[in-house]
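Structure first, commentary second.
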Amino acid sequence: MNKYLLLMAVLVFSLPKAWAQAPNSFNFQAVVRNQDAELVSESSVGLQISILSGGVSGDVVYSEIHRKVTSTFGSVSLQVGTGTIESGSFADIDWSAGPFFLQTAIDLNNGTSFEVISTTEMVSVPFALYANQSGDVVWQKNNSTAIYNAGNVGIGTDSPSAKLEITGDGTSNADVLTLRNSYSTALRLYGSGNEDFYNSSLILHRARGTDQAPSELVAGDRVGGMYASPFVGGEFINTSAVHMYVEEGISSTSFPTNIRFETTGKESISRQERMRITGDGNVGIGTDAPIETLSVNGTVESMVGGFKFPDGTVQSTAFTGNGSSTRWATGSTGIHYTGGRVGVGITTPTSKMEVMGEGSGNVNVLTLKNDHTAVFRVFAGSDSDNNNAVIFLGRSRGTTTNPTNLQSNDRVGSLYAQAYLGDAYRTTSGITMYLENGVSSASFATDLRFETTGQNEIRREERMRITGDGNVGIGTEEPEARLQVKSGDIYLEDVNSGVIMKSPNGACWRLSIDDEGGTTVEAITCPGE
């Protein structure tokens, strides 16, 4: 028999009017997945719900069976206390004589061969109403909004270090936080302050060991990544990605890393690495081992302009020659709230969930942790071609409640990869977004900067920049051409390829070399024609 997972989502009690009486039933919702974490959709299943007294191996004081059909999303809903009774009486349970444990078993074939999936202590249920009477209320409700503004909030941890910290169970790869919306879904990070280095950052941490006892990464370890997953073929598929990896030579005094870019080609279902930026700043296109500042395994095409050389000359045509709360429902697996918006650190949230930092200094506003791969997923569902899953980094001067305009050279946002090295998480590679000189309400000039840490180095260095004018600089911060490479070579690995240039009359020419190192020029059909 295949193993399968039953992910219990919510327990919500339906109590009678007389508080001193035992509850008549409580709601139970769950999502059923198989051993591959795939949803078991639109299938008849059998569920056996048992209440044990005293411990996980305690006596069964009540047991019942439910026959259900899972939804398209694999979910089932039932009321414990209303099923076909196997033993005991739900109404006769003395809830004051706990502890009690909820045991869940399932038969995917809707038979009687039930397999126990979980046995969980009923820590706070069905006593939620009594807890409310005791005054232990931490969440406030404002219309349809749940608010907590007294400190940090932890889910899966009792010692949160950020305004909201969510920790997985640490037993396997887990989706620690999922955001869903039926149109575009955006994760917005707002940072404010009057220093140019303040910004909104998405930081990906990775260690070996566990979250509570981290150990250093080793060469080849993946530090973090970002995926785009369109819904195709009946499921979400990771079709493109950006990864950050640790390179050879990693140590407490050397943090070499690389950034890898992957896409899925036509007539293919598997991602392939297309470009890599190494720790030394080499960029490889079509090769995962660039040995020059820019290594291209294929043809380089200049659509407009040409190639600018160190002597200042621009070659635009081919040439010949030699060269080189209680508002939250509590269940056995956590809590949930479906009444409206949730604010942490703010009383007027404008999104489904909004987390506000203390504003007294740089702070981790949201932390996601898991002892295996930690995944941050953004889902967007819509039939419109421009709706998509978005990570939005917003930055202002002033404060988030009273923002003021940014200034030239202010950093707007960042994406960092941090490897656990030397007893601490170290930022070893990153992508940052800056405003350029001359910014105004009528000019939003920006640039993108790519940073890695080289061999025997512990500080990141900028390796590539894309300016607001669209110029790309490798090894230079001020590219004056569409592509400018400084202090390095451009390496074309395939001798049969070369540099394609379009002459003023519209003809295309390929410049390459022969086996003797001589320059060859041949007329070719322009790409795309």
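The values are calculated or read from the model by the stated rules, or taken from the named source; none is laboratory data. Please read these numbers as outputs of a predicted model, since none were measured by experiment. Cβ sites come from the backbone with ideal geometry, for glycine too, and all protein chains shown count toward neighbours.
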Determine, yes or no, whether R397 is buried (at least 19 other Cβ atoms within 10 Å of the Cβ) and either in contact with a strand residue (DSSP E or B) (Cβ under 7 Å, 6 or more places away or on another chain) or not assigned by TED's automatic domain parsing to the domain that holds I285 (or both).
no
May I ask you to verify whether Y198 is touching a Gly at 6+ places or on another chain (Cβ under 8 Å) and either part of a loop (DSSP other than H, G, I, E, B) or of a type in the set (D, E) (or both)?
yes
Just to be sure, is L52 modelled with pLDDT of 90 or more, in a strand (DSSP E or B), under 37 Å from the mean Cα position of the chain (by Cα) and outside the structural domain of E235 (by TED's automatic domain parsing)?
no
Residue hits (region 427-446; surrounded by fewer than 21 Cβ atoms within 10 Å (Cβ to Cβ) and either in a loop (DSSP other than H, G, I, E, B) or of a type outside the set (S, T, Y) (or both)) are I431, M433, E436, N437, G438, V439, S441, A442, F444, A445
Take the residues in region 230-251 that are in a loop (DSSP other than H, G, I, E, B), farther than 15 Å from R206 by Cα and not polar (S, T, N, Q), then tell me which one is farthest from the chain's Cα centre (by Cα).
G249
Going by what's in this entry, would L78 be described as closer than 24 Å to G334 by Cα, within 37 Å of the chain's Cα centre (by Cα) and not β-branched (V, I, T)?
yes
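Return the residue satisfying two criteria in turn: it lies in region 109-126 and is surrounded by fewer than 19 Cβ atoms within 10 Å (Cβ to Cβ) and assigned to a loop (DSSP other than H, G, I, E, B), and of such residues it is modelled with the lowest pLDDT. I'd like the intermediate steps shown before the answer.
Filtering region 109-126 down to residues surrounded by fewer than 19 Cβ atoms within 10 Å (Cβ to Cβ) leaves 109-116, 118-121, 123-124.
In the following step, the residues that additionally are assigned to a loop (DSSP other than H, G, I, E, B) were identified as 109-114, 123-124.
On the way: N109: 89, N110: 91, G111: 91, T112: 91, S113: 91, F114: 91, V123: 70, S124: 57.
The residue in question is S124.
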Residues that are closer than 18 Å to S302 by Cα and of a type in the set (G, A, S), drawn from region 504-529
G506, A507, S512, A523, G528
Given the condition among the acidic types (D, E), under 21 Å from the mean Cα position of the chain (by Cα), modelled with pLDDT under 95 and assigned to a strand (DSSP E or B), answer yes or no: does some residue in region 292-301 qualify?
no
Residue, nearest to S113 (Cα to Cα), within region 42-70, restricted to residues that are surrounded by 15 or more Cβ atoms within 10 Å (Cβ to Cβ) and of a type in the set (S, T, N, Q):
Q48
Residue set G528, G470; condition modelled with pLDDT of 90 or more, part of a loop (DSSP other than H, G, I, E, B) and within 43 Å of the chain's Cα centre (by Cα); output residue G470
Count of region 165-201 residues which are more than 14 Å from the chain's Cα centre (by Cα) and among the basic types (K, R):
0
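Among residues belonging to region 252-271 that are outside any loop (DSSP other than H, G, I, E, B) and polar (S, T, N, Q), point out the one that is nearest to A228 (Cα to Cα).
Restricting to residues being outside any loop (DSSP other than H, G, I, E, B) and polar (S, T, N, Q), the top hit is T263.
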Could you tell me which of the residues R271, R206 is among the charged types (D, E, K, R) and within 16 Å of the chain's Cα centre (by Cα)?
R206
Of all the residues that make up region 158-182, how many are in a loop (DSSP other than H, G, I, E, B) and buried (at least 17 other Cβ atoms within 10 Å of the Cβ)?
4
Failed criterion for R276 (all others in (1) among the basic types (K, R); (2) more than 27 Å from N370 (Cβ to Cβ); (3) surrounded by 18 or more Cβ atoms within 10 Å (Cβ to Cβ) hold):
(2)
Over region 340-363, the set of residues surrounded by 14 or more Cβ atoms within 10 Å (Cβ to Cβ), on the phi < 0 side of the Ramachandran plot and not hydrophobic (A, V, I, L, M, F, W, C) is R341, G343, P349, S351, E354, G357
Tell me whether region 7-24 contains one or more residues that are within 21 Å of T333 (Cβ to Cβ), modelled with pLDDT of 90 or more and assigned to a strand (DSSP E or B).
no
Looking at (1) surrounded by 12 or more Cβ atoms within 10 Å (Cβ to Cβ); (2) more than 17 Å from S316 (Cβ to Cβ); (3) in contact with a strand residue (DSSP E or B) (Cβ under 6 Å, 6 or more places away or on another chain), which is the one condition that is false for E522?
(1)
Residue count for region 320-357, restricted to those that are farther than 30 Å from I49 by Cβ and modelled with pLDDT of 75 or more
17
Would a scan of region 85-105 turn up a residue that is among the small types (G, A, S), outside any loop (DSSP other than H, G, I, E, B), within 23 Å of W328 (Cα to Cα) and modelled with pLDDT of 90 or more?
no
